[in-house]
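As structure tokens, the structure follows; a few thoughts come after it.
The values are calculated or read from the model by the stated rules, or taken from the named source; none is laboratory data. Predicted model only: the values in this text are computed from it and were never measured. Ideal geometry is used to build each Cβ from the backbone, glycine not excepted, and the neighbour counts take in all protein chains shown. These area figures cover heavy atoms from the full protein model, side chains too; ligands, DNA and RNA do not enter into them. Shrake-Rupley method; radii C 1.70, N 1.55, O 1.52, S 1.80 Å.
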Amino acid sequence: MGLLRIMMPPKLQLLAVVAFAVAMLFLENQIQKLEESRSKLERAIARHEVREIEQRHTMDGPRQEAMLDEEEDMVIIYNRVPKTASTSFTNIAYDLCAKNKYHVLHINTTKNNPVMSLQDQVRFVKNITSWKEMKPGFYHGHVSYLDFAKFGVKKKPIYINVIRDPIERLVSYYYFLRFGDDYRPGLRRRKQGDKKTFDECVAEGGSDCAPEKLWLQIPFFCGHSSECWNVGSRWAMDQAKYNLINEYFLVGVTEELEDFIMLLEAALPRFFRGATELYRTGKKSHLRKTTEKKLPTKQTIAKLQQSDIWKMENEFYEFALEQFQFIRAHAVREKDGDLYILAQNFFYEKIYPKSN
């Protein structure tokens, strides 16, 4: 190169230097363009991968997350009917809540009024659906059924309940108001001091044992409509039956409470894991019993059974009992005198398209 520079005229040397410089600039420009093209390609590949990840997250992620969070977002409402062994059952929920990691809240209404005002209904629905700190939650109280769908709620709570033979429930409540129970024996009851037996009350036509006092389980299941609380309403009973079938997860009976608990444990273990064993062996589950209770005579029972109100309440009770026994018959089997829960009896087959 040095020899060429010596032999070449100055003008040619200048042209050669200029040509070399232009060539270098051209190569640098091409290299820069290639780098930019490579960067664009890398960014495009990265964006494509991000879109794929986002698409998988959108399609699979939230669904998996919802499945994981579904049980944590669960709320159970037990709108307990008075004197149906409701305290015995709720004691189990209290005993299990720490172990199974859920919250138990008692709905205490003024004067135990089972009908909420419209504004309280709104507050109640809002609390239950948005109070995340209390989820999963088990709410219980003497409150009639409330239709959450009327308030625009997307996810409704799970309703459960227990009912009892209507005359037995009324007799238990009659003596409870006078003598209390062994749960809080020192608490003074509303009718304390009244020594009149249930038989004497019916014979004298007393108000505390009147057939109208039987009208309770139907309105509790019927709800907050005015017709629900019109004693003897056929519409109320039909609505109560509809709600029991369509709005309640499970309704048990006092006379078969252990079976009710066993079914709940099998179906909702997130809340009721260990409930059956606790009921069988625990002391708290059996602690509330009405004291001084005297069983009514056949004559007293026959007199109450002449009432159309008893006939309707008894029809509803038998309807609930038949439904419960139907569910139980398809969920448990008896062996050597003991009941046991059936294992899963369905499976999937002929799954298409076939995976490679």
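Phi angles of the range 82-98 translate, via the Karplus equation with coefficients 6.51, -1.76, 1.60 and θ = phi - 60°, into HN-Hα couplings of x, 6, 10, 6, 5, 5, 4, 6, 5, 4, 5, 4, 5, 5, 9, 4, 5 Hz per residue; Gly and Pro are given as x.
Per-peptide packing, taken as the mean over residues of other Cβ atoms within 10 Å, places 127-137, 205-215 in the sequence 205-215, 127-137 from highest down.
Looking at the range 72-341 alone, DSSP beta bridges between its own residues are antiparallel in about 25 percent of cases. Across all directions, the shadow cast by the convex hull of the range 72-341 built on its C-alpha atoms averages 15.1 square nanometres.
Amide hydrogen proximity for Ile163: with H placed 1.01 Å from N in the peptide plane, the residues at 5 or more positions away or on another chain lying under 5 Å are Gly252, Val253, Thr254.
Apply the a/c threshold of 1.5 to the C-alpha gyration tensor of the range 94-247 and tell me whether it is rounded, prolate or oblate. Verdict is oblate for the range 94-247.
The fraction of accessible area contributed by carbon and sulfur in the range 72-341 is 50 percent, rounded to a whole number (1.4 Å probe; ligands and nucleic acids excluded). With only the Cα atoms considered, the range 290-356 has a convex hull volume of 226 Å³ per residue.
Rolling a 1.4 Å probe over the protein chains gives Phe124 an accessible area of about 20 Å². With a 1.4 Å probe rolled over the protein heavy atoms of all chains, the accessible area of His106, His224 falls in the order His106, His224, largest first.
Scanning residues 5 or more positions from His103 or on other chains, those with amide H under 5 Å from its amide H are Gly137, Phe138, with H placed 1.01 Å from N in the peptide plane. Remark: the range 150-166, residue by residue, has Karplus-estimated 3J(HN,Hα) of 5, 9, x, 6, 6, 10, 8, x, 8, 9, 9, 6, 9, 10, 9, 3, x Hz, where x stands for each Gly or Pro and the curve is 6.51 cos²θ - 1.76 cosθ + 1.60 at θ = phi - 60°.
Per residue, the Cα convex hull of the range 91-179 amounts to 134 Å³. The overall shape of the range 88-138 is oblate: from the C-alpha gyration tensor, with semi-axes ordered a ≥ b ≥ c, the ratio a/c is 1.5 or greater and a/b is no larger than b/c.
Each of the peptides 79-85, 112-118 was scored by the mean count of other Cβ atoms within 10 Å over its residues; in descending order, highest first, they stand as 79-85, 112-118. Legend: calculated FRET efficiency, Asp73 to Lys298, from the Cβ-Cβ distance at R0 = 45 Å, rounded to 0.05, equals 0.30. For the range 72-341, the per residue solvent-accessible surface stands at 50 Å², with DNA, RNA and ligands left out and a 1.4 Å probe. Sorting Leu250, Leu342 by solvent-accessible area of protein heavy atoms yields Leu342, Leu250, largest first, with a 1.4 Å probe.
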